[in-house]
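The block underneath contains the structure these notes are about, expressed in structure tokens.
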Amino acid sequence: MTLTNRAVIVIIGGGIAAYKSLDLIRRLKKRGAGVRVILTEAATAFVTPLSVSALSGNRALLRLLDAESEPDSGHIRLAYSSDLIVVAPATADLMARMATGRADDLATAVLLAATCPILIAPAMNPAMWQHPATQRNFWRLMDDGVEAVGPNSGAMAEPEQGVGRMAEPPEIVAAAENLLKSRSALLAGKKVLVTAGPTYEAIDPVRFLGNRSSGKQGYAIARAAAAAGADVTLVSGPTALADPRDVRVDRVESAREMLAAVLAALPVDIAVFCAAVADWRVDVESDHKIKKTGESPPVFTLVENPDILSTVAHLEENRPKIVVGFAAETDYVLKHAREKLLKKGCDFILANDVSPERGIMGGDNNSIHVVTAEGVTDWPLMAKDDVARHLVAYLAEYRVKD
Ligand code: PMT
């Protein structure tokens, strides 16, 4: 069930084999994949956007400069939110444009921005397939990490035989499943610790100091790490979210409980501190509900909570190989994130702007700036699940410094 709930983009190039891609879409959908389809201009001469939309259940995507989706970089969002791209048929022309990094239509722009696995199903006339230029392009794509299924040999549309037939849809689906299986184990064998949600700092048995974190971002990271084959422990503050599947969940309330749970989960290879830990708690928690007296309201003295991220990043023993912090800021986001990177001693920080109008805390989307000692990389606004998948891919590539 590798394809269940996976976001797959099918790119249809302009070749006679395009008619088989309709069957491919049907088969991917049948296996539970969510399918978006991009047609190159030439492909529309072979299959209609209407049949593609009807079969995929989504509007066929045709243009790069689409007024509806491009104001927020729709093609980048599309590329980032996919688990797999299948190019079928991959024509000689489309392969040439991919191999040279062109981005002059929606198909090539999405392919260039994609970080997910890409599977091509070449299809063309045998002479075109054997041409040194096509072979050069094909092998360049293989060097770039693209995978291929076919082409097969057999009867062609023209009255000739040879290698150039597109693989049959069942073969393409099987290759897609194998590719997803092999690439989804990015963190296989790694132990990952994630913190998520707010902490509640009790004032008395019924009142607490807290914050608006929902836990969605941290839970998404735990889910994505588990899906990538990691052994995941999630230390969660109070949230309304269900435990993610295949993740060990330790639910805590206060910052001090969270610290204890985090230390108990060590050693791990990677620790991601996404929780919005309360910086302060009241110095003395009342063991009974504090009553209104009719006199002056109570005055609380706050004391600082332990900094969990900093404690773990500065451990002499059992420090995870990669320690990732978050920075939730409402102003001077990058400046404050850089300061936190230095002060807290983590390897990199994911900074997000949590000003209320951005809707990030508690919302479903996030826009991240990855702050490292070397510089800053901006990720576009995307679903928290996509941020999580991106982080997993980033962690899998991250080189641990000696
Ligand atoms: O939960 P959601 O609604 O999905 O929202 C996600 C989020 C906005 C909470 C998340 O993306 C995020 O930014 N998490 C970090 C929140 C935070 O507390 O940031 P901070 O800048 O105050 O802290 C910096 C880092 O130190 C964080 O990694 C935090 O976990 C850690 N910290 C802070 C204080 C403390 N006492 N101990 C800590 O470990």
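Can you name the residue in the stretch 164-190 that is in a helix (DSSP H, G or I) and aliphatic (A, V, I, L, M) and is also nearest to Ala92 (Cα to Cα) among such residues?
Initially, the stretch 164-190 is screened for residues in a helix (DSSP H, G or I), giving 169-183.
Then drop every residue that is not aliphatic (A, V, I, L, M), which leaves 172-176, 179-180.
Working: Ile172: 18, Val173: 21, Ala174: 23, Ala175: 20, Ala176: 21, Leu179: 22, Leu180: 25 Å.
By that ranking, first place goes to Ile172.
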Whichever residue in the stretch 307-328 is surrounded by 13 or more Cβ atoms within 10 Å (Cβ to Cβ) and in a loop (DSSP other than H, G, I, E, B) and, among such residues, is nearest to the ligand (Cβ to nearest atom)
Asp307
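Those residues that are farther than 25 Å from Arg358 by Cα and either more than 16 Å from the chain's Cα centre (by Cα) or assigned to a loop (DSSP other than H, G, I, E, B) (or both), I need them from the stretch 209-241; list them, please.
Applying the first criterion (farther than 25 Å from Arg358 by Cα) to the stretch 209-241 yields 225-235.
Within the stretch 209-241, Ala228, Gly229, Ala230, Asp231, Val232, Thr233, Leu234, Val235 qualify.
Return yes when Val252 is in contact with a helix residue (DSSP H, G or I) (Cβ under 7 Å, 6 or more places away or on another chain), buried (at least 24 other Cβ atoms within 10 Å of the Cβ) and modelled with pLDDT of 95 or more and no when it is not.
Values: in contact with a helix residue (DSSP H, G or I) (Cβ under 7 Å, 6 or more places away or on another chain): yes; buried (at least 24 other Cβ atoms within 10 Å of the Cβ): no; modelled with pLDDT of 95 or more: yes.
So Val252 does not fit the description; no.
Please find, among Ser213, Ser153, the residue that is out of contact with any Ser or Thr (no Cβ under 7 Å at 6 or more places or on another chain) and assigned by TED's automatic domain parsing to the domain that holds Gly229. Reasoning before the result, please.
Details: Ser153 fails: assigned by TED's automatic domain parsing to the domain that holds Gly229.
After applying the criteria, what remains is Ser213.
Kindly provide the set of residues from the stretch 117-128 that are free of Cβ contacts under 8 Å to residues at least 40 places away in the same chain and either assigned to a loop (DSSP other than H, G, I, E, B) or under 23 Å from the mean Cα position of the chain (by Cα) (or both), ordered by number.
So in the stretch 117-128, the residues free of Cβ contacts under 8 Å to residues at least 40 places away in the same chain come out as 118, 120, 125-128.
Once the filter is applied, which keeps residues that are free of Cβ contacts under 8 Å to residues at least 40 places away in the same chain and either assigned to a loop (DSSP other than H, G, I, E, B) or under 23 Å from the mean Cα position of the chain (by Cα) (or both), the stretch 117-128 yields Ile118, Ile120, Asn125.
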Could you grab me the full set of residues in the stretch 129-160 that are surrounded by fewer than 15 Cβ atoms within 10 Å (Cβ to Cβ) and part of a helix (DSSP H, G or I)?
Gln130, Pro132, Ala133, Gln135, Arg136, Trp139, Met142, Asp143
Quickly run through the stretch 364-389 and pick out the residues that are free of Cβ contacts under 8 Å to residues at least 12 places away in the same chain and either part of a strand (DSSP E or B) or under 16 Å from the mean Cα position of the chain (by Cα) (or both).
Thr377, Asp378
For the stretch 61-100, name all the residues that are surrounded by fewer than 22 Cβ atoms within 10 Å (Cβ to Cβ), part of a loop (DSSP other than H, G, I, E, B) and modelled with pLDDT of 95 or more.
Thr100
For Thr108: the one exception among (1) surrounded by fewer than 19 Cβ atoms within 10 Å (Cβ to Cβ); (2) without any contact (Cβ under 8 Å) to a residue 40 or more places away in the chain; (3) farther than 19 Å from Tyr19 by Cα
(1)
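Please go through the stretch 329-350 and give me each residue that is outside any helix (DSSP H, G or I), near the ligand (Cβ under 8 Å from one of its atoms) and under 22 Å from Tyr398 (Cβ atoms), ordered by number. Steps first, answer last, please.
Pass one, the stretch 329-350, residues outside any helix (DSSP H, G or I): 329-332, 345-350.
Next, from what is left, pick out any that are near the ligand (Cβ under 8 Å from one of its atoms): 329, 346, 349-350.
If the condition is that a residue be outside any helix (DSSP H, G or I), near the ligand (Cβ under 8 Å from one of its atoms) and under 22 Å from Tyr398 (Cβ atoms), then Cys346, Ile349, Leu350 are the ones that fit.
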Sort out which residues of the stretch 355-401 are aliphatic (A, V, I, L, M) and over 27 Å from Thr239 (Cα atoms), and write them in order of number.
Val371, Ala373, Val376, Ala396, Val400
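The values are calculated or read from the model by the stated rules, or taken from the named source; none is laboratory data. Here the structure is a predicted model, which is why all the values come from computation and not from measurement. As a convention, Cβ positions derive from the backbone with ideal geometry for all residues, glycine included, and neighbour counts pool all protein chains shown.
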